[in-house]
Amino acid sequence: MVTNTRYQRIVEMLNRRQPDLTMIMDGVHKTHNLAAIARTCDAVGIGWIHAVSPDGYLHLGHKRASGTEKWVAVASHANIEDAYRHLKREGFTIVAAVLRADALEFDQIDYTRPTAIAVGNELDGLSGEALDGADACVRIPVQGAVESLNVSVATALILYEAMRQRRAVGFYERRRISDEDFTRLAFEWTHPPVAAYCRRKGLSYPPLDDHGDLAQTIGDNRSGSVGEFLARTND
């Protein structure tokens, strides 16, 4: 049984989610950078991130991500064109983080619009295709000898500027994800074994009460029912 404190924490997290802010990682492959980016995304309320990974595999690294993979989902794309096409179809503006002197400084962009921020890999940065397809380019000014920041550090700076802007207009003060997504994620995060069973069997999730407990008695013994599953796990 989930504690009321944990359930209320989950509700608070979902109420602050920003469905129209996301990251695109174009060929970022170092586990510690992927994990750091995912943790920052979770911290600013991002629930979905996108990765360009030709082999379709992305490993966040459980220890480095500190469990973030439970809260932040990753959509993998075979190439940057597919990622951009998907996001633009959803109404996102693509903002590419680059080193170019003619790019806007990162705090001169309006991040209250639906925004996907693209960052490149640790060695080469964003690909030419990623730059060509972006709607805007931003840079982070540096004053020392190094030309650029680590990709995860750069991501954190940009995302916290996005959060600052969004807090200023009240985006974190009201729920912004759909009721359907809220109900689904609240159940999956509160009762993961039951959620996994329902998905395997093609069953709808049972409703939850205000404390995160199953809201109705489902102890019937029909084959394949949630009640049967709960009865077995409680034996």
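Observations
- Condition met for R184 (in a loop (DSSP other than H, G, I, E, B) and either in contact with a His (Cβ under 7 Å, 6 or more places away or on another chain) or surrounded by fewer than 18 Cβ atoms within 10 Å (Cβ to Cβ) (or both)): no
- Among all residues of the stretch 191-201, there is at least one that is over 26 Å from R85 (Cα atoms), out of contact with any Pro (no Cβ under 8 Å at 6 or more places or on another chain), small (G, A, S) and part of a helix (DSSP H, G or I).
- Filtering V72, V95 for residues that are surrounded by 15 or more Cβ atoms within 10 Å (Cβ to Cβ), within 17 Å of T40 (Cα to Cα) and touching a residue at least 24 places away in the same chain (Cβ under 8 Å) leaves a single hit, V72.
- Residue within the stretch 139-153 that is free of Cβ contacts under 8 Å to residues at least 12 places away in the same chain, surrounded by fewer than 13 Cβ atoms within 10 Å (Cβ to Cβ) and on the phi > 0 side of the Ramachandran plot present: no
- Residue within the stretch 111-123 that is surrounded by fewer than 18 Cβ atoms within 10 Å (Cβ to Cβ), at pLDDT 95 or above and farther than 18 Å from W48 by Cα present: no
- Summed over the stretch 92-150, residues that are more than 21 Å from the chain's Cα centre (by Cα) and among the basic types (K, R) total 2.
- The C-beta contact set for the stretch 1-23 (first residue modelled with pLDDT of 90 or more, second residue in a helix (DSSP H, G or I) and of a type in the set (S, T, Y), distance under 9 angstrom, 6+ apart or interchain) comprises R6/T190; Y7/T190; I10/T190; M23/T40; M23/T155.
The values are calculated or read from the model by the stated rules, or taken from the named source; none is laboratory data. Keep in mind that what you see is a predicted model, and the values were worked out from it rather than measured. Heads up, the Cβs are rebuilt from the backbone with ideal geometry, glycines too, and the neighbour counts pull from every protein chain shown.
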